[in-house]
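Presented below is the structure to which this report refers.
The values are calculated or read from the model by the stated rules, or taken from the named source; none is laboratory data. The model shown is predicted, which means the values in this text are computed figures rather than measured ones. A quick note on method: Cβ atoms are made from the backbone with ideal geometry, for glycine too, and the neighbour counts reach across all protein chains shown. Heavy atoms of the whole protein, side chains included, go into the accessibility calculation; ligands, DNA and RNA do not. Shrake-Rupley method; radii C 1.70, N 1.55, O 1.52, S 1.80 Å.
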Amino acid sequence: MNILAPSILAADITRLGEEVKKVDTLGADYIHIDVMDGIFVPSISFGIPVVKGVRKVTDKILDVHLMIEEPIRYIEDFVKAGADIVTVHAESCRHLNRTISRIRELGVRAGVSLNPSTSLTSLDYILSEADMVLLMSVNPGFGGQKFIPSSIDKIKELRRMIETRGLNVDIEVDGGINTANIREVLEAGANVIVAGTSIFSGDIESNMNQFRRELDRVS
Ligand code: DX5
Ligand code: ZN
């Protein structure tokens, strides 16, 4: 089953609770929350209180994407706030193995994320410890950017890597996904789709319906 994770970075922040409830009702599987620190990525977005607030309005899986330096410092806070999946960037952790172990010790799922230019070889010694790999298909930091086409080959290669090793790891893809390119992303081997702008701008209901149709078409 393919999973849809609307990214609230593109939601109307003045009506965040309502918009989360709306995508929840319309079939979101996860709620994707982008945390940015202005150092690892140029922008600053949400923090722990926002995760806590979103937790109050939905029972869906909270998929927390940490775009922050040395995320190990805050993992426990995000788990206490209600995160169900905590994803960290390989590029931002001095001790990635320790960071992933800490996430799992706290009883939640652990994701490893790679920037577009980071090689899959950086997963060689961590893949079997991860529940999910998040491949960035734009440079992290902002919503509304254009999908980087080389991401397709990277998804295919990662799917092969996971299968060759006989692992059960989700592939999440994040950045620039819309109803025109989602099929290619799924067919390449991704099974968790993040979408911000193309869900929250315009008519959320019709966007969600189109996404769900595409997700259920390729299984
Ligand atoms: C980018 C974030 C994404 C972002 C995706 O740094 O990680 O989750 O919200 O937004 P869209 O779908 O607009 O590219
Ligand atoms: Zn994200």
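Numerical summary
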{"item": "Among (1) open to solvent by 10 Å² or more (accessible area, probe 1.4 Å); (2) in contact with a Ser or Thr (Cβ under 6 Å, 6 or more places away or on another chain); (3) outside any helix (DSSP H, G or I) - the single one residue 113 does not satisfy", "result": "(1)"}
{"item": "Test: residue in the range 132-140 that is under 17 Å from the mean Cα position of the chain (by Cα), open to solvent by 60 Å² or more (accessible area, probe 1.4 Å) and closer than 16 Å to residue 184 by Cβ", "result": "no"}
{"item": "Residue in the range 32-39 that is surrounded by 18 or more Cβ atoms within 10 Å (Cβ to Cβ), in contact (Cβ under 8 Å) with a residue 12 or more places away in the chain and over 16 Å from the mean Cα position of the chain (by Cα) present", "result": "yes"}
{"item": "Candidate set from the range 5-49 (those that are among the charged types (D, E, K, R) and touching a strand residue (DSSP E or B) at 6+ places or on another chain (Cβ under 6 Å)); member that is nearest to ligand 2 (Cβ to nearest atom)", "result": "34"}
{"item": "Qualifying positions in the range 150-180 - within 16 Å of ligand 2 (Cβ to nearest atom) and at positive phi", "result": "175, 176"}
{"item": "Test: residue in the range 156-173 that is out of contact with any Ser or Thr (no Cβ under 6 Å at 6 or more places or on another chain), open to solvent by less than 70 Å² (accessible area, probe 1.4 Å) and over 21 Å from residue 100 (Cα atoms)", "result": "no"}
{"item": "Any hit, the range 74-86, residues being touching a residue at least 60 places away in the same chain (Cβ under 8 Å), of a type in the set (Gly, Ala, Ser) and in contact with a strand residue (DSSP E or B) (Cβ under 6 Å, 6 or more places away or on another chain)", "result": "no"}
{"item": "Residue 199 being open to solvent by less than 30 Å² (accessible area, probe 1.4 Å), out of contact with any Gly (no Cβ under 9 Å at 6 or more places or on another chain) and over 20 Å from residue 133 (Cβ atoms)", "result": "yes"}
{"item": "Which listed residue is under 30 Å from residue 205 (Cβ atoms), in contact with a Leu (Cβ under 9 Å, 6 or more places away or on another chain) and open to solvent by less than 10 Å² (accessible area, probe 1.4 Å), from 54, 20, 64, 50", "result": "54"}
{"item": "Checking residue 53 against (1) more than 15 Å from ligand 2 (Cβ to nearest atom); (2) touching a residue at least 40 places away in the same chain (Cβ under 8 Å), the condition it does not meet", "result": "(2)"}
{"item": "Positions within the range 141-154 being surrounded by fewer than 15 Cβ atoms within 10 Å (Cβ to Cβ) and among the small types (Gly, Ala, Ser), in sequence order", "result": "144, 150"}
